[in-house]
Structures are given as structure tokens and as C-alpha cells.
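Readers should treat all values here as calculations from the given coordinates under stated rules, not as data from a laboratory. Please read these numbers as outputs of a predicted model, since none were measured by experiment. Cβ placement follows ideal geometry from the backbone for every residue including glycine, while neighbour counts extend to all protein chains displayed.
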Amino acid sequence: MMDLIGVWVAAFLTLAILSFLFGDNPVYKFVEHIFVGASAAFGIIVMLNQAVWPFIQEGITTQDMFLKITTYIAIFMGILTLFRLEIMNYIAPTLTWISRFPIAFVTGVGTGIGIVTGIHGYIFPQVVATFLPIMENNTSIIEIASNLVLIVGVLSSLYYFYFSMEQRGALRWIVKTGMIIIMITFGSAFGYTIMARVSLLIGRIYFLISDWLHLVR
Amino acid sequence: MQTTLPVLLTFIMGMFMIAMFFMPQFANAESLATRWTTIIWGFALALGVDSLLLNHFRKIRKGGTQAIHSAGLIIAFFVTLFWGFYSWWKIGNPFDARSSFLWMFQYVYLPLDSTMFALLAFFIASAAYRAFRARSFESTLLLIAASIVMMGRVPLGGVVFVAFFVAFMILVGVYFLYESSKYVGIDRFIRMIVGLAFLGTILPLFYPEYTKAFANFIPGLADWIMQVPNAAGQRGIGLGLSLGVIAFSLRILFGIERGYLR
Amino acid sequence: MKERILAFIENLGRIDSRIVYALVFLATAIPLIMNIRIPMPVSPEVKSAFQAMDRLKPGDVILISTDYGPSSAPETQPMLEAILTHAFKKDLKVLLMTHWRFEGLIMGIQGLDKIAKKFGKEYGKDYLVLGYRPGVTAVMIGMSKDFRNIFSTDNEGKPLDSYPMYKEIAGDDGILNYKDIKLLVGLEAGDAGNFWIMIVNARYGVPMIMGTTAVITPEYFTFYQSRQIEGLLGGLKGAADYEALLGISGFASRGMVSQFAVHVLIILLIFLGNLSDIARRFRS
């Protein structure tokens, strides 16, 4: 019974959103606002239930004194972020700077990880994979061509984004090659984007005709 | 003091995490720092919600039709929140299969979220029809790559592509020959060659066996485009991007960039 | 006469958007109702993902990360179901987690429950749901020594080591970490997948395959080319290919015909738009 009501509610909401195709209308607008409200609350519940509470619960009940103390510090830092709340502008506007500490902490950890990760996890392996042997003992002609396209493509498209130098003479040809590669890249990205959006529509229409209208099994 | 100490903290934590990368035996210290991050993230979630709600409370006070929408938003927020806490308290986990909160997810949240994005299929189709024009060499190239990928990734794509291909190649070939008359020298020569190349591609299709091979060729060509030129271009973009990110991160660590502390 | 033909062609570029919307709707709905399936060539990157799964032996552990929400579920959910079908067919042990969007956990559990029921698999014995933790890089590094650093409990709130499966999969040292994971399956709708590759593959050497929404798939071909991932399922087509390799026919294979119809429609529309553009320039 609850499922039946649910399917009808879901179908109504789906159609309400789709009604936007015929222009902005009050039904769409109302449903959109409900969506924003519900998803914000949903996010809070999940964050508390899945992340904050398990860590805090474990950190407070543990026998490990070190973990216990550090958890209290982390919670304290978390509370400090609340000084950034908009409400604080009315209560204690001069204390907003306190919230900079937890933010500085998170940013420091994030950028620290980011630097080593970017170099070690992306740049090194990607550069290594670019300088591949063009020809080995039994490489087919297509593979040789592909390897060449890949090497030339990476270098020229990287150069294409290098704006600090005037691009004249032979350099112009590198830039042109880079542009061709970039255009093919954008073209395939565009094709895949269309593919993605259509797939999502298929999912929604499948819901309407199968779960709701039972036109198909 | 109000800025220097946070910048110092950022620097210390950044250097600490970089140092930890080279000392994997201290992974516990590393995971402790990351644990703190998670807890702080949890509290930080309240920040966005706070300004969202305040913003809509203000709109309600202003009145008008917008007030009804804003009231809907706030009611939806609190209903969902209490529903979640109730299920949590009642069953112990709001995401348990027996929880009615999950019903809300399944039949309210899920259709709204996915239909919002499905809507884009209509708009992307309409926008492509209205704005996607092969007016320059670049946009023609983009269009051809997109079409090959789109047709190469669906069943029957090759068959349909043959028909499109013939029509399109003639059109583009003639167009390039026509355009070449406007240029001189190497530019004219390139355009003429490109135009003739486009026209030449349809010649083999007068033989049925070639047509058949060509129909199977399209999915293969799509694979090749994705794996070679696309991978090369994406890598070029990615390398440029990550070098930029690293430079920016260093600026943050050394306190040159302080926008995040605003 | 010539003028009238040109005017007609030019008008082909002025079809009302609502007619375009209706055509897109019909092109999607009619093939779905007719329920046809047409086979197509399998992409090599999906084949190598399938082979990476197929190489695993019964009892091997895979970690599935469902980093997507309802908005991309039509693409990624069929991948999850196909990969789970494959995993349970081969008697693999499955761990499920997410660290990008919380909705991914629910979508993951729904897929897991559905397929596990089909194969008669038991929670805690054959599969475990670790849960959701935000923080992306923080979570990944935190898990490196011991999964319990991040997931002290499973999704039901019980300690991980209280399950019979834990001792089985934790290996000789009794600690569950990346060393025990034979293959990581990332089902991604955003940037989180990059970090799986850039941290967990680069630092801890966990082999992985990725299933991505079509929007971000082009980016992942660089990782496939550099062999940082062993295979790649891109969008609905990737899911349909995996279903074809498994010999099952699910939502993805069914949706591909609609996909075909809409793609043809869109290319036709772009073609008409360009034709009309050329006609307009001829006239003026």
C-alpha cells in the first residue's frame, strides 16, 4: 500500500519537474523548492548518522586515551566552525575569525595531500605512459600511428594551453595540431555528454511507463 | 594574529601531510589528521544550511508568491529532518530497510533528483539543433568527432552512419572547396585538399562489401577516437590543470593566497 | 522555384522547441515500450574490465565504491547490478562503501540486496556494507593501515570484526586493509574516482576497474591508456556491454535502443539546423 502511494507521489513529482518544458510554472517552482529543502535536511541526517556520530561515539567510548583526547580536540575544532554561521553575525560578529582555525586545518591537510597526490598519482604515471615505445618487434602499423598520435597529441595540446609565449612560425603548427586534438577531445566529450543525459531520461521514462503505468513488465 | 596563526596552521598541516607521504610507517598519524578533517567537515555542513534557511525566512517576511515557495522549502526541510531523527531514534538507523525515512528517499528525493537531470536531455537536444553550426574548421571537426562517437556507441549506429556519412561528406567537401576560393596560398591549398579528401571518402561505398565493413568500422573508429586522440587531449588538459593546481596549492601553503580565510 | 526550396530548407531550422521535446520523448518511450534488444560490438575497455573480474578466484575480496546519486543511477545502477551478478556467480566476497555522495550508499544497498537475494547470499557472510564517510582523500588514506580506522562499525552499527566474514577476508595478519582487496570497482559520477586512482592505486597498488557516467568517461580514458585502471565501463553503453559479456539482459541492454533512437534524432536535428543555416546564407 505504501509503495503504491509512493509510486503515485513519485510520478506526480516527476511530471511536475517535466512540466518545466512548457515554461516556468508555479507547480515546478514549488516542487523545486521542496527538493532543495528536503535534500538539505537529508544531507544533515546522513552526515550526522554516517560520519560524525560513529567517529565521536568511538572516540569517546574508547579506552585509548590518546584517541579520546584527540577526538575531543577534533569536536572542539568542529564547534569552532560554527562561528562562521550567518546567525553569528547577529550574536558575535567580531568572533568570526575563530572559525578560520578549523578551516585552515582542513585546507592545510587537503592541499598537502593534493600536492603529493597530484605529482605522484597523476603527473608521474601520465607522463610515463605518454613516452611509450613507438615501435617494438611486432607492432602493427595502426598501433605505430596511434602511438605517434598520442605522443604528438599530448605534447601539442599541452603546448596549446601555454599562453606565455607568442606563437609564431613553426610554433604555430604545433598550436594548430594541438587545436585539432583538443577539438576532437571536446567533440567526443560532447557526444558522451549527450549520451549521459539521454540515459538519465531513459531511466525516468522507464519509471513512468513501467512502475507507474505498467505498460511494460 | 587573526590571520597569521591560521596561515601558519595551514602551512604546518600541509608540510606534515607532505612529510607523511614519505614516511608511510606513520600512517596512523596521517589517518588521525584525516579523521579530524572528517569531523570538522561534519560540522561545516551546518554552514550552508544556515544561510539557506535564513535567506528563505527573509523571503517569507517579504510576502508574495515567493513566500509560499519559501515556506514549502522550510517545511520540507524540517519535515525531512524530524522524519530522519524519528527513524533514527525508533529503529536505530534511518537508512534501515524498515525505516519510513527510506520511503521518503525512494519516492520523493530520488524522483526529484533524477528528473532534474533528465530534463537536460530535452534542452541539450534543442540547443544542439539551434546552436551547433559547422561554420569553421574547428566546429566542423568537433561536430564530426561528436557524431562518430554518438553513432559508434549505439546498436545499428554504423548502418545509420553510412547514410549520414554520405550526405554529410558531400556537403562538407563542397563547402570547403567553396570556402577555399576566399583564401590564398597555403591556406587555400589546405582547404582544397581537405574538401577533396571529404569528397573522396564516399567513393568506396559504391561497393556493398565496403559498406558492410564500413558499418562495423564506425564502432571501431569511435573506440579509437576515445582511446587515442581523446586520451591525448584529455591528458594534455589534465597535466596542465594539475600543474596549475599544484602551483595554487603551494601559494596557499606559503600564505600568498589567503582567499579561503575570508 | 529555387527561392522557395531554399526558404523551405531554411524553415527546417525553425521547428518549435516543444515539437523537438515531443520528438525526444517519443524516441525514448517507443523503443522502451516495444521492448526490443539489438546486439552491438563490445568495446575493448569493457572487455578488459570483464576479464579483470573474471580472473579472480572464489573467495577473493572486491571493494565496490558506489560514488553516485539518483541523478546518475540509470547509468551506474545497471553496472552495479551486472558486476554484482558476476561477483556472486564467481563466489567473490563483496565489500560496499561510498565516500562521495551519501545517496550512493542507499543506491548501493538496494542493488546489493536485489542481487544477493537472487543468489541466496547472506549479509555478513558473503558481503558487507561498510557505509558512508565524507572526506574523499582523507577516507582513502585513513583506510590504508586498517579499514577499521575509518569504518569502526559497518552500516548497521556493529563492529566489523564481529562478522564471520571478517576473519576470512582479513588475511594472515588479521587486519583488513588494501592488501586484502584483489580488485576495486569504482562506480563514479564525479571527481572521487580520480582519487581512487591517484591515491589508492598509485600508493597502495590496488588494481581497479571503473564504471563511470558518460559525462566523465572521456577523462578516464587517459587512466585506461596509462594502465592505471584495468578496465572502464562508460555510461549506459558500458553497462550494456558488460551485460552482453555476462550473457544477461538487463535494463542497460533494453535502454540502448532508445539511446540509438535519440542519438539519431539529435544528429538529424543538428543536420537540419546546419542545412537551414547554409540555405539562409545562400539567400542573403
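Positive end of the dipole of chain C (Cβ unit charges, origin at the Cα centre): among C:V129, C:A279, C:I169, the Cα lying farthest that way belongs to C:A279. Once the Cα atoms are used to define both axes, helix C:44-54 deviates from the longest principal axis of chain C by about 20 degrees.
Label sites at A:F76 and C:S48, each approximated as a point 7 angstrom past Cα along Cα to Cβ, lie 5.2 nm apart. Scanning chain B for DSSP H helices at least 27 Å long along the axis (C-alpha atoms) with a Kyte-Doolittle mean no lower than -1.0 picks out B:27-62, B:65-91, B:110-131, B:157-180, B:231-253. Could you tell me whether chain A comes out rounded, prolate or oblate from its Cα gyration tensor? Rule is a ≥ b ≥ c as square roots of the eigenvalues, rounded for a/c under 1.5, then prolate if a/b exceeds b/c, otherwise oblate. Judged from the Cα gyration tensor, chain A comes out oblate (a/c at least 1.5, b/c at or above a/b). With bins 10 Å wide beginning at 0, the percent of Cα pairs of segment B:134-253 falling in each bin runs 12, 31, 29, 17, 8, 3, 0. Farthest towards the positive end of the charge dipole of segment B:160-262, among the residues B:I190, B:T211, B:A247, is the Cα of B:A247, using unit charges on the Cβ of Lys, Arg, Asp and Glu.
With runs of 4+ DSSP H residues as the only contributors, calculate the mean residue ellipticity of the protein assembly as shown at 222 nm using -39,500 (n - 2.57) per run, divided by the residue total and rounded to the nearest 500. Can you show the working numbers first?
On the way: 30 runs with 498 residues, N = 763.
Helices in the protein assembly as shown give a 222 nm mean residue ellipticity of -22000 deg cm²/dmol.
Cross-link check: pairs C:K93/C:K118; C:K114/C:K237; C:K47/C:K125; C:K93/C:K167 evaluated at a Cα-Cα cut-off of 18 Å; pairs beyond the cut-off: C:K114/C:K237; C:K47/C:K125.
Sorted from longest to shortest, the spans of the Cα atoms of segment A:121-173 along the three principal axes equal 42, 31, 11 Å.
Given +1 on the Cβ of Lys and Arg, -1 on the Cβ of Asp and Glu, and no further charges, what dipole in debye does segment C:32-144 carry about its Cα centre, rounded to the nearest 20? Walk me through the intermediate numbers first.
Numbers: 14 positive and 11 negative charges, 58 e Å.
Rounded to the nearest 20 debye, it is 280 debye.
Summing charges over all other residues whose Cβ lies under 12 Å from the Cβ of B:P111, with Lys and Arg as +1 and Asp and Glu as -1, gives -1.
Could you list the chymotrypsin sites (Phe, Trp or Tyr not before Pro) in segment B:135-200 that lie in coil according to DSSP, counting only those with at most 14 other Cβ atoms within 10 Å of their Cβ? Numbers along the way, then the final one.
Values: sites: B:F137, B:F161, B:F164, B:F165, B:F168, B:Y175, B:F176, B:Y178, B:Y183, B:F189, B:F198; in loops: B:Y183.
Of the chymotrypsin sites (Phe, Trp or Tyr not before Pro), the ones in loops of segment B:135-200 whose Cβ has at most 14 other Cβ atoms within 10 Å are B:Y183.
Here is the list for segment B:1-42: chymotrypsin sites (Phe, Trp or Tyr not before Pro) lying in DSSP coil, each with at most 11 other C-beta atoms within 10 angstrom of its C-beta, are B:F22.
Per Stokes-Einstein, at 4 °C and 1.567 mPa s, what whole-number D in µm² s⁻¹ belongs to segment B:202-262, with the Kirkwood radius over Cα pairs as the hydrodynamic radius? Value of D from the Cα-based Kirkwood radius: 83 µm²/s. Across all C-alpha atoms in segment A:15-127, the radius of gyration and Dmax reach 21.1, 62 Å.
P(r) of the protein assembly as shown in 10 Å steps, Cα pairs, percent per bin? Per 10 Å bin, starting at zero, the Cα-Cα P(r) for the protein assembly as shown comes out as 3, 12, 22, 25, 21, 12, 5, 1, 0, 0 percent. Bridge orientation summary for the protein assembly as shown: considering DSSP beta bridges with both residues in this region, about 5 percent are antiparallel. For segment C:44-248, the alpha-carbon coordinates run over 40, 35, 31 Å along the three principal axes, in decreasing order. In order along segment C:34-39, the Karplus-derived 3J(HN,Hα) couplings, from 6.51 cos²θ - 1.76 cosθ + 1.60 at θ = phi - 60°, round to 5, 6, 9, 10, 10, x Hz, and Gly and Pro are given as x.
Listed by Cβ neighbour count within 10 Å, with the fewest neighbours leading, C:T213, A:T139 appear as A:T139, C:T213. When the Cα gyration tensor is reduced to axis lengths a ≥ b ≥ c, the ratio a/c is 1.5 or higher for segment B:63-131, and with a/b not above b/c it is classed as oblate. Roughly how many Å is it from the Cα centre of segment C:92-132 to that of segment C:16-60, as a whole number? What the calculation gives is 23 Å, centre to centre.
Basic side chains Lys and Arg get +1 at the Cβ, acidic Asp and Glu get -1 at the Cβ, and with that the dipole of segment C:44-248 about its Cα centre reaches some 260 debye.
Within the listed set C:S43, C:S17, C:S253, the Gaussian network model of chain C (springs between alpha-carbon atoms below 10 Å) gives the highest mean-square fluctuation for C:S17. Based on alpha carbons, the Rg and Dmax found for chain B are 29.0, 80 Å.
In this entry, segment C:178-284 is assigned a mean projected area of 9.5 nm², taken as a quarter of its C-alpha convex hull surface.
Taking Cα centre as origin and charging only the Cβ of basic (Lys, Arg, +1) and acidic (Asp, Glu, -1) residues, the dipole magnitude of segment B:134-253 rounds to 240 debye. Under the simplified labelling scheme, the C:L275-A:W97 pair shows an inter-label distance of 6.9 nm, with each label point 7 Å from Cα along Cα→Cβ. Placing R0 at 25 angstrom, the Cβ-Cβ distance between B:Y183 and B:L241 gives a FRET efficiency of 0.10 after rounding to 0.05. Ordered from longest to shortest, the equivalent ellipsoid semi-axes for segment A:131-217 are 43, 21, 8 Å, each the square root of 5 times a Cα gyration tensor eigenvalue.
Which distance in Å, rounded to a whole number, links the C-alpha centroids of segment A:1-67 and segment A:137-190? A separation of 45 Å, based on Cα centres.
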